[in-house]
Amino acid sequence: MPPFISRTLLLCTAAFTLPAFADAPATLAPLLDSVAQRLEVAPKVALTKWDSHKPVLDAPRERDVIAGAGKLAADYKLDGALAEQFFAAQIEANKLVQYSLLSQWNQQGSAPGTPRADLAKEIRPQLDVLQKQLLERLAAFAPSRTDAQCPRWLAAAIGARKADPLQHQALVRATGELCSAPS
């Protein structure tokens with residue numbers, strides 16, 4: 001094969017095998033980082049639920065968090081409904097992790113002996129900080145939500161992350177409604 005053709009073939013192949021997220025907006029990775037950080041809190045919450053024997057579902061708290069996101073949305077130039085939908089997804093993903101861990105610990109007969117964080121004094125303040133960071137990063141990414149490539153960018157970016165299967169699934173759930181069809 002002539003060198004020109006083989007180089008052209010190599011370049012074409014490379015162009016089509018580049019990661020799909022390479023052309024994603026620069027605002028996607030920081031948003032996913034924040035979503036992943038929020039999901040990293042889920043095991044701490046699950047431990048408090050294990051120790052207290054309280055259910056994962058805390059409907060009043062969930063309503064407060066979702067409503068709070070809706071109220072803060074305007075500060076970030078976001079639609080309140082979008083912020084509420086996004087945080088409802090974050091909560092569902094967090095609960096997915098909690099339910100999975102609690103099931104695993106029940107099967108084992110015990111939870112890990114790791115130090116426990118205080119839900120009110122440590123975990124919720126951490127979640128409050130992450131809420132503002134998530135709103136800021138969601139606002140930065142929001143203009144790209146309706147791009148036809150958004151689902152492809154998102155799938156590729158999530159697929160490229162190093163995460164255990166549970167965290168991966170939770171990240172998929174947390175971003176399930178991130179992309180939206182153009183209106």
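Picking from residues in region 139-183 that are of a type in the set (S, T, N, Q) and under 23 Å from Ala69 (Cβ atoms), the one that is farthest from the chain's Cα centre (by Cα) is Ser183. A search for C-beta distances below 9 Å between a residue of region 120-147 that is under 17 Å from Ala174 (Cα atoms) and any residue that is surrounded by fewer than 18 Cβ atoms within 10 Å (Cβ to Cβ) and of a type in the set (Asp, Glu), counting only pairs 6+ apart in sequence or on different chains, returns Lys132/Asp75; Leu135/Asp75; Arg137/Asp33; Ala142/Asp79. Taken together, Gln85, Gln108, Gln104 contain a single residue that is within 25 Å of Leu178 (Cα to Cα) and either hydroxyl-bearing (Ser, Thr, Tyr) or at pLDDT 95 or above (or both), which is Gln85. None of Ala42, Ala26, Ala36 is within 14 Å of the chain's Cα centre (by Cα), at pLDDT 95 or above and within 27 Å of Pro143 (Cα to Cα) except Ala36. Looking across region 98-138, not a single residue is under 15 Å from the mean Cα position of the chain (by Cα) and aromatic (Phe, Trp, Tyr).
The values are calculated or read from the model by the stated rules, or taken from the named source; none is laboratory data. Because the structure is predicted, anything quoted here is derived from the model rather than measured. Cβ atoms come from the backbone with ideal geometry, glycine included; neighbour counts cover every protein chain shown.
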